[in-house]
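Have a look at the structure below, then the notes.
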Amino acid sequence: MGLLDRLSGLLGLKKKEVHVLCLGLDNSGKTTIINKLKPTNAQSQDIVPTIGFSIEKFKSSSLSFTVFDMSGQGRYRNLWEHYYKEGQAIIFVIDSSDRLRMVVAKEELDTLLNHPDIKHRRIPILFFANKMDLRDAVTSVKVSQLLCLENIKDKPWHICASDAIRGEGLQEGVDWLQDQIQAVKT
Amino acid sequence: MAAASGSDCGRRRPESNDAGSKWLDAHYDPVANIHTFSSCLALADLHGDGEFKLVVGDFGPGGQQPRLKVLKGPTVLTESPLPALPAAAATFLMEQHEPRTPALALASGPCVYVYKNLRPYFKFSLPPLPPNPLEQDVWNQAKEDRIDPLTLKEMLEDIREKAEVPLSVQSLKFLQLELSEMEAFVNQHKSKPIKRQTVITTMTTVKKNLADEDAISCLVLGTESKELLVLDPEAFTVLSKMSLPSVPVFLEVSGQFDVEFRLAAACRNGTVYILRRDSKHPKYCIELSAQPVGLVRVHKILVVGTTQDSLQGFTHKGKKLWTVPMPAAILTMSLLEQRSRGLHAVMVGLANGEVRIYHDKALLNVIRAPDAVTSLCFGRYGREDNTLIMTTRGGSLIIKILKRTAVFAEWGGEAGPPPAQSTKLNMPRKTRLYVDQTLREREAGTAMHRAFQTDLYLLRLRAARAYVQALESSLNPVSASAREPLKLHAVVQGLGPTFKLTLHLQNTSTARPIVGLLVCFLYNEGLYALPCAFFKVPLLVPGLNYPLETFVESLSDKGSSDVIKVLVLREGQSAPLLSAHINMPASEGLAAA
Ligand SMILES: Nc1nc2c(ncn2[C@@H]2O[C@H](COP(=O)(O)OP(=O)(O)O)[C@@H](O)[C@H]2O)c(=O)[nH]1
Ligand SMILES: [Mg+2]
């Protein structure tokens, strides 16, 4: 079963494909989340290029996902930024237990939101405050405070606490995202 | 504890996001209660889970409760007391087996405590030193009750003062006791043999036989007994022993122990000694003009900080390359290695709270900490490369993360040539004339120079002659004669045909008035008419300006003008004291009429 079945089913009525970018620092839980979301029939390809950063892509009937780690020191930045243009929705994953790197996540988010291919577009952003099951995890309210999400005025956004391993909190987020995409499409 | 990230909330635009800083404030805990130096900090993936931990050999407040702390992110993971103050902390790979988690070594007192997976694994103690036979003899006498504690104390003090070999810890402790405690101490210790042990002052690691990042390493120890020891990473036996002329306090090693290595030891005598694999004694030595306070190796350059507030660079053969003065005393130094950009720089913690980052002589960046930084460590922490850990004198912990987009501009600091030096000057093109001239100058340089000099001398001669002539004929408006120092200047007013001529006469002597002067006008009587061409000057008081007025009538109806000469004379002398030529203006009044 896949949580996206309903979402892709609805969208499947229309012929067009929706590209979703799933971003976040390395180790935040993106792969785990996407694996939970994947419909059973989705074809997954794992691309590990030699240049030093990895992109995962998979497609369901009407959704295509591009997942990548926002890691590294800028040498490959323009490579992943290349994908911004085609993204129509963003899932941004945060490791709520990594207090030290919350500033790095914020910095990456700020850079993302200011990218010319993102800045002036009203694309929905779904935040997963992931790993909420861990002892050192901070609440999703605290995460949104630390990332200053209240300053995002020109894009619809939503934050959910999640535990990607047990799949908790993912449905809520996906439901929200689905509403947003539909609102744009109709 | 307060994470500093909340502070810049409300400013999302990156251009205003304190654009100047290259650092993200990840954590600041003003009451972390960590008191340590750079040598007692180490970063390593101690659990092999990809999450790098921070090892701290903590002195405790006031150097009281020394502790070994291991931090994960902003929080202390484990904490255990140490028997003595820590001297250095290091992490290293001990063996080839999987999983390749690094071991932790902490030098404290005469021992190195080795931990694996944060569990005590091995304790290495420095080999004991031969005791002083005199000291042993005295204790033997005490053992046989031949001397009382007071005599023992006197004899030990005597030995302490005279002998070359220092006393054992047991004797030193005894000498500190009060009279009442001595008896018990002697009874307790008199039958034990005297043991003399030195302590570890510094520690580092050197790769054993491979240069790889994850190759096994040996521990290198410096001791208070002026020795360097290299330990086997598995058996902890002493592989090599080197002696130094002084006590080493900072060590830097490059190369591999089994192949070839270069070891630099900064010592308490203000000298850095450089040893090689084949040398049991120093091969080169760098004499500093002050005590070393830090030693960092950047590739082949040794950077030494001294108590004279300067940073000095030396080659590995001891040749001095440069010196950079610091604005305050240096407290600590450490290496900054930004792998992704291949940058190696030196971080210097100063007493004024600044942390300066230098690439050779060039200042790359300055971080201002709320308090003087006493320890610095840069590397991978948690899951983030390029994390900077600082602790301050007051015991606070500051963690900063280098922005992933940050680039240190080589000449961004105040060092380096001024920008004007690189702007291109608008030089004229080399013309044919220029080239010809240059060729001529090259060929006939001497002759040209001589001709020029001749002309210059002639010019000077002519000027001097004219001056002398003017003086002789008093043709100048300033009289320099000692008796009548005078100054004269004249003003002509009016459009004509009637002009007003005013002579300003001034006695420039300091005290003496001048009497008996006459003024005489010489002029062409066909052109001008003056009511009085010759008159007496009143007494001239020193310093005052005397305006003497007279009218001049222009008689010419063609508007032509001439010179009127003014002579200032002394009664009874024919040569004038001074003279002035007044160029009369043409009469415009007539032309207009
Ligand atoms: N406890 C806990 N661990 C998680 C959660 N999500 C992911 N992980 C673990 O975090 C690690 C990194 O996850 P991964 O999906 O590879 O992160 P990615 O680098 O963002 O793709 C893995 O060991 C996951 O098992 C979660 O919600 N809770
Ligand atoms: Mg992944």
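Here are the numbers for the structure shown:
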{"read-out": "Complete set of residues in segment B:551-574 that are over 30 Å from B:L540 (Cα atoms) and not in a loop (DSSP other than H, G, I, E, B)", "value": "B:S554"}
{"read-out": "Pairs with Cβ under 8 Å, 6+ apart, first in segment A:26-38 and acidic (D, E), second in a loop (DSSP other than H, G, I, E, B) and more than 8 Å from ligand 2 (Cβ to nearest atom)", "value": "A:D26/A:M70; A:D26/A:S71; A:D26/B:R383"}
{"read-out": "Answer residue from segment B:48-103, given it is over 24 Å from A:D95 (Cβ atoms) and among the hydroxyl-bearing types (S, T, Y) and is surrounded by the most Cβ atoms within 10 Å (Cβ to Cβ) among those", "value": "B:T91"}
{"read-out": "Residue among A:A137, A:A129 that alone is farther than 22 Å from B:D385 by Cα and either buried (at least 20 other Cβ atoms within 10 Å of the Cβ) or more than 8 Å from chain B (Cβ to nearest Cβ) (or both)", "value": "A:A129"}
{"read-out": "Any hit, segment A:151-164, residues being surrounded by fewer than 22 Cβ atoms within 10 Å (Cβ to Cβ), over 15 Å from the mean Cα position of the chain (by Cα) and within 16 Å of ligand 1 (Cβ to nearest atom)", "value": "no"}
{"read-out": "Residue selected from segment A:128-143 under the condition within 15 Å of the chain's Cα centre (by Cα) and within 20 Å of A:D110 (Cα to Cα), by the criterion nearest to ligand 2 (Cβ to nearest atom)", "value": "A:N130"}
{"read-out": "Matching residues, segment B:59-70, being in contact with a Leu (Cβ under 7 Å, 6 or more places away or on another chain) and in contact (Cβ under 8 Å) with a residue 24 or more places away in the chain", "value": "B:F59, B:G63, B:P66, B:L68, B:V70"}
{"read-out": "Inter-residue pairs, beta-carbon under 6 Å, first more than 11 Å from B:A265 (Cα to Cα) and in contact (Cβ under 8 Å) with a residue 24 or more places away in the chain and in segment B:220-235, second in a strand (DSSP E or B) and among the small types (G, A, S), 6+ apart", "value": "B:V230/B:S240"}
{"read-out": "Residues of segment B:1-33 classified as in contact with a strand residue (DSSP E or B) (Cβ under 8 Å, 6 or more places away or on another chain), within 11 Å of chain A (Cβ to nearest Cβ) and modelled with pLDDT under 50, total", "value": "5"}
{"read-out": "2 or more residues surrounded by 16 or more Cβ atoms within 10 Å (Cβ to Cβ), of a type in the set (S, T, N, Q) and more than 17 Å from the chain's Cα centre (by Cα): qualifying strands (runs of 3 or more DSSP E) within segment B:286-352", "value": "B:330-338"}
{"read-out": "Residue ID - modelled with the lowest pLDDT, chosen from residues in segment A:61-97 that are within 12 Å of chain B (Cβ to nearest Cβ) and within 13 Å of ligand 1 (Cβ to nearest atom)", "value": "A:G72"}
{"read-out": "Residue match in segment A:165-186 (condition: under 30 Å from B:T387 (Cβ atoms), within 16 Å of ligand 1 (Cβ to nearest atom) and buried (at least 22 other Cβ atoms within 10 Å of the Cβ))", "value": "no"}
{"read-out": "Number of the condition not met by A:I118 [criteria: (1) among the hydrophobic types (A, V, I, L, M, F, W, C); (2) touching a residue at least 40 places away in the same chain (Cβ under 8 Å); (3) within 14 Å of another protein chain (Cβ to nearest Cβ)]", "value": "(2)"}
{"read-out": "Checklist (1) in contact with a helix residue (DSSP H, G or I) (Cβ under 9 Å, 6 or more places away or on another chain); (2) hydroxyl-bearing (S, T, Y); (3) within 21 Å of B:P485 (Cα to Cα) applied to B:S556, failing item", "value": "(3)"}
{"read-out": "Residue within segment B:295-310 that is of a type in the set (D, E) and at negative phi present", "value": "no"}
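The values are calculated or read from the model by the stated rules, or taken from the named source; none is laboratory data. Keep in mind it's a predicted model, so treat the numbers as computed, not measured. Virtual Cβ from ideal backbone geometry, glycine too; neighbours counted across all protein chains shown.
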